[in-house]
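Below: one structure, written as structure tokens.
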Amino acid sequence: MRHVRILKRMISATVALFILGLAGTVWRQHETARRVDELRQSANSGNEAVFTEDDVEGVPDPVREYLTSALPQGQPYVDLVRLEQKGELRLGDASSSWRPFTATQHVTVDPPGFYWDASIGLAPLLSVRVRDLFCDREGTASVSLFGVIPLDRANSSPELEEAELMRYLAEAVWYPTAFLPAAGVEWESIDDSTAKATVEDGHVSASLTFSFNEDDEVTRVHADRYRRVDDGYELTTWSGYWRNYETRNGVRVPTEGEVVWHLPDGDMHAWQGRVTDIQYDEFLSCRGRER
């Protein structure tokens with residue numbers, strides 16, 4: 001009799017998890033559509049400019065060599081991006097376990113913005129959703145069980161806004177026309193293999209140092225970036241590493257990457273993943289905003 005009761009409880013728990021997961025799927029689809037629509041409403045699309053070597057006149061030598069290698073002549077300026085990722089990340093500190101994730105990310109270039117929606121596996125039938133949004137110069141981040149039950153949330157603040165714009169700039173290796181001066185990025189030479197990039201979006205500004213190799217590829221970006229600690233933020237040296245470049249949609253982009261926080265007591269490897277698909281300008285019906 002006791003075994004029957006245990007079996008019934010297990011069945012009930014499984015059914016409850018299934019229902020919760022199904023509800024999470026429905027809610028996630030609704031939330032994703034709403035957030036992507038926010039990006040669409042803020043984006044200026046339909047840019048007819050194409051890349052020429054004149055577009056990199058005056059930029060530091062390693063930047064010019066990288067961009068002329070990554071972008072073919074006549075490559076249209078990218079307005080919108082949709083990419084798929086998979087890999088592993090840590091939800092806590094350096095002692096926390098790696099967790100598998102899959103993610104879809106939507107990006108706008110004018111103005112800078114993105115929505116990152118990741119599903120992270122904790123155990124069989126158990127997952128959390130992590131969402132990062134930077135839109136209209138505001139950033140938010142949230143964690144929820146099955147995408148339904150809130151676990152954590154960071155509302156927009158000057159620190160989060162700068163950190164999110166910095167992420168956008170670092171990830172522009174996946175949409176490199178965003179690095180062009182015509183797209184609003186200012187470059188400053190450091191030496192033969194490094195340069196500093198700065199982008200501004202209204203009151204929000206972000207700068208990163210880029211390192212280039214002999215193959216004219218971005219291999220590392222780094223800066224002091226705000227990291228969330230308890231209920232506040234702390235400036236911490238942060239690096240993104242890019243590798244395994246391939247040609248996608250005519251553009252050379254890195255397909256693998258890693259994110260590391262350089263803490264006083266040692267490096268914390270926080271994210272490692274690869275891009276499984278990338279598409280440009282899928283939302284050409286978007287309605288741009290007046291600026």
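Suppose the filter is at pLDDT 75 or above, closer than 15 Å to Ala178 by Cα and either part of a helix (DSSP H, G or I) or not β-branched (Val, Ile, Thr) (or both); does Leu39 pass it?
no
For the range 39-53, what are the residues that are surrounded by 16 or more Cβ atoms within 10 Å (Cβ to Cβ) and either hydroxyl-bearing (Ser, Thr, Tyr) or touching a Leu at 6+ places or on another chain (Cβ under 9 Å) (or both)?
Once the filter is applied, which keeps residues that are surrounded by 16 or more Cβ atoms within 10 Å (Cβ to Cβ) and either hydroxyl-bearing (Ser, Thr, Tyr) or touching a Leu at 6+ places or on another chain (Cβ under 9 Å) (or both), the range 39-53 yields Leu39, Arg40, Ser42, Ala43, Ser45, Phe51.
Every residue in the range 155-180 that is more than 24 Å from Glu246 (Cα to Cα) and either touching a residue at least 60 places away in the same chain (Cβ under 8 Å) or not in a helix (DSSP H, G or I) (or both), please.
Within the range 155-180, Asn155, Ser156, Ser157, Glu159, Leu160, Glu162, Ala163 qualify.
All but one of (1) touching a strand residue (DSSP E or B) at 6+ places or on another chain (Cβ under 7 Å); (2) farther than 25 Å from Trp242 by Cβ hold for Arg82; state the number of the condition that does not hold.
(2)
Working carefully through the options Val128, Val109, find the one that is in contact with a Ser or Thr (Cβ under 7 Å, 6 or more places away or on another chain) and not polar (S, T, N, Q).
Val128
Can you name the residue in the range 64-106 that is β-branched (Val, Ile, Thr) and in contact with a helix residue (DSSP H, G or I) (Cβ under 7 Å, 6 or more places away or on another chain) and is also surrounded by the fewest Cβ atoms within 10 Å (Cβ to Cβ) among such residues?
Within the range 64-106, the match that is surrounded by the fewest Cβ atoms within 10 Å (Cβ to Cβ) is Thr68.
For the range 144-152, does any single residue satisfy the condition of being at pLDDT below 95, crowded, with 19+ Cβ neighbours inside 10 Å and under 23 Å from Gly232 (Cβ atoms)?
yes
Going by the conditions given, is Thr255 touching a residue at least 24 places away in the same chain (Cβ under 8 Å), under 15 Å from the mean Cα position of the chain (by Cα) and closer than 22 Å to His106 by Cα?
Values: touching a residue at least 24 places away in the same chain (Cβ under 8 Å): no; under 15 Å from the mean Cα position of the chain (by Cα): yes; closer than 22 Å to His106 by Cα: yes.
No: the conditions fail for Thr255.
Taking Asn155 and the conditions (1) polar (S, T, N, Q); (2) within 19 Å of Val56 (Cα to Cα); (3) surrounded by fewer than 20 Cβ atoms within 10 Å (Cβ to Cβ), which numbered condition does it fall short on, given that it satisfies the others?
The single condition Asn155 does not satisfy is (2).
Identify the residue in the range 176-231 that is crowded, with 17+ Cβ neighbours inside 10 Å and of a type in the set (Asp, Glu) and, among all such residues, is farthest from Val109 (Cα to Cα).
Asp216
Could you please give the count of residues in the range 125-154 that are touching a Gly at 6+ places or on another chain (Cβ under 6 Å), more than 20 Å from Glu38 (Cα to Cα) and assigned to a strand (DSSP E or B)?
The qualifying residues number 1.
Quick one: what pairs do we get from the range 233-244, first residue farther than 18 Å from Val275 by Cβ, second polar (S, T, N, Q), C-beta under 9 Å, 6+ apart or different chains?
That search, which allows pairs on different chains as well, returns Tyr233/Ser157.
The values are calculated or read from the model by the stated rules, or taken from the named source; none is laboratory data. It should be emphasised that the depicted structure is a prediction, and the values quoted were computed from it without experimental measurement. Glycine gets a Cβ as well: all are built from the backbone with ideal geometry, and neighbour counts include every protein chain shown.
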